[in-house]
1. So which trypsin sites (Lys or Arg not before Pro) in segment 264-330 pass both tests, a DSSP loop state and at most 11 other Cβ atoms within 10 Å of the Cβ?
2. Using a Cα-Cα cut-off of under 15 Å, which aspartates and glutamates could be cross-linked to residue 154, ignoring same-chain neighbours fewer than 8 residues away?
3. Just need the Rg to Rh number for segment 7-172, please, alpha carbons only, Kirkwood Rh.
4. What number comes out for the charge environment of residue 31, summing +1 per Lys or Arg and -1 per Asp or Glu over other residues with Cβ under 14 Å away?
5. Could you derive backbone 3J(HN,Hα) for segment 13-22 from the dihedral phi with the Karplus parameters 6.51, -1.76 and 1.60 (θ = phi - 60°), listing whole Hz in sequence and x where the residue is Gly or Pro?
6. Around residue 81, which amide H atoms from residues at least 5 apart in sequence, or from another chain, sit under 5 Å from its own amide H, with H modelled in the peptide plane?
7. Just need log10 I(q)/I(0) for segment 339-395 at q = 0.14, 0.29 Å⁻¹, Debye formula, equal scatterers on the alpha-carbon atoms, no solvent, rounded to two decimals.
8. Cα-Cα over 32 Å: which of 200/397; 361/394; 109/187; 208/440; 336/430; 334/378?
Amino acid sequence: MLNNWNFENSYLELPDIFYSKTKAENFPKLELILKNKDLMDTLNINHENFDNLLLDTIYNKQLNSFSQAYAGHQFGHFTILGDGRATLLGEHINNNKERFDIQLKGSGKTPYSRNGDGKGTLKSMLREYIVSESMHNLNIKTTRPLAILDTGEKIQRETYEEGGILVRVAKSHIRVGTFQLASLSKKQNDIEELFNYTIKRLHPEILKEEDKYLKFFEKITENQINLIVNWQRVGFIHGVMNTDNMSLSGETIDYGPCAFLDEYNPNKVFSSIDKNGRYAFNNQPKIALWNLARLAETFLHLIDSDENTAIKKIENILEKYESKYNYLWLEMMKSKIGINQNHEKDKDLIKELLDLMQIFKLDYTNTFIALNNNDLKKYDFMQEWISKFNMRKKINKSGSENKFVNPNIIPRNHIVENILNECKVGNYQKLNSFISLIKKPYNSDIPKEFSKEPSNEEKVYETFCGT
Ligand code: AMP
Ligand code: MG
């Protein structure tokens, strides 16, 4: 176990268009209110000394901390951005030589804050803590929460609210938007340097290969397909899949107005700002593909000096996206309903189930649990489908069931809201119980209060950035 960070800041070796040196603001009274011991173990950081270590690091004026610059398409519109409320303390290297960005989110103004205050509400930071830790334990790649600090000050939103800081850990924070920023630079070298840095950091195994740029893009594409298939598996709606919120590490990043489906509706949108349904549940695979095309545009000249040849090579990869996605999605859905082997009607069988779920407004998560427990037969409208399903199961080979597909617990909006409201009045007991439950989401002994779908009164129809 380490008693101190093992920081290196390789990112600062990039050209200075990619960052600005920043420090956390002075907060009157920082208090550590939540910490993630599992993640400390991954980082090989000692539990005992952690509170002091973190506070000392934040107050350390000598630290080489910085905020990253990037651009991005926000709801399709291109903008220059950057970490408007985050400062990266350092890249921690654990005992296995793995590198992790340790970042403060909500730590005050930076050169990229535009009109914002650089802060975050304690409530929204706690929400990101819960949802991202849940995603991690659902076996979905994501940035992770290491700790939450109460900043001891009130910040202005619709009303005055408690301020908070999330200590966020990521494999890297390089986004599609980082490449978009680089491509605007007049210096040819900037994008090449960023590219080589990113390969070295995320896929060093291909660094020496001749067509490393193309190989890298192929890997990024594969990682995105896997990520989105997993989001669809658990009914996760990111809500703001802007290119600045798509990480090249393949991790889910920036939990804003995200939410999990309760009743199944493929067109579901929670985010109050997503008026046209751009980031609806079923649009997520298409949007990831759109974002990948924006990424590819930034480095065509590195793929081939002839633009048409470069475009062909990229198109080859992007054309495979749809078939790969569809294949993995089908395999994932088959495992959700507990069938294996192949049958030509599998896709139709799944589609029929999803249609029934949509028409009869069944809960996405609990329907698969009910199906596996043979509890769907209570519905008259399911009878025909169940007969077909039982026939299909006859060609199953036994012994290959996957226990880690259908979660018994997800962070449903109404439950998380309820927990966060309790925290507001100083009661953290529910939060702690919930966090220990989401660490084992495939366990079947989840108390009903945390696994049941919302009643009509409890349903959350809209989520807000709530920053
Ligand atoms: P998001 O879509 O939440 O990832 O945020 C989009 C951009 O707005 C990012 O560049 C953020 O850093 C920035 N931003 C979000 N909230 C604030 C805030 N309170 N103050 C300054 N910048 C912010
Ligand atoms: Mg963002």
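The values are calculated or read from the model by the stated rules, or taken from the named source; none is laboratory data. Remember, predicted model here, so these are calculated numbers, not experimental data. Here Cβ is always computed from backbone atoms with ideal geometry, including for glycine, and neighbour counts include all displayed protein chains. Protein only, heavy atoms only, side chains kept; ligands, DNA and RNA dropped before computing areas. Shrake-Rupley method; radii C 1.70, N 1.55, O 1.52, S 1.80 Å.
1. On the way: sites: 268, 275, 278, 286, 294, 312, 313, 320, 324; in loops: 268, 275, 278.
Answer by residue number: 275.
2. Cα-Cα hits under 15 Å: 25, 31, 117, 162.
3. Numbers: Rg = 15.6 Å, Rh = 16.4 Å.
For segment 7-172, the value is 0.95.
4. Numbers: positive: 29, 35; negative: 51, 150, 153, 162.
Cβ neighbours under 14 Å give a net charge of -2.
5. 7, 6, x, 6, 5, 8, 6, 9, 6, 9
6. Long-range HN contacts for residue 81: 70, 71, 72.
7. Rounded to two decimals, the profile gives -0.36, -1.45.
8. On the way: 200/397 42 Å; 361/394 29 Å; 109/187 28 Å; 208/440 40 Å; 336/430 30 Å; 334/378 22 Å.
Exceeds cut-off: 200/397; 208/440.
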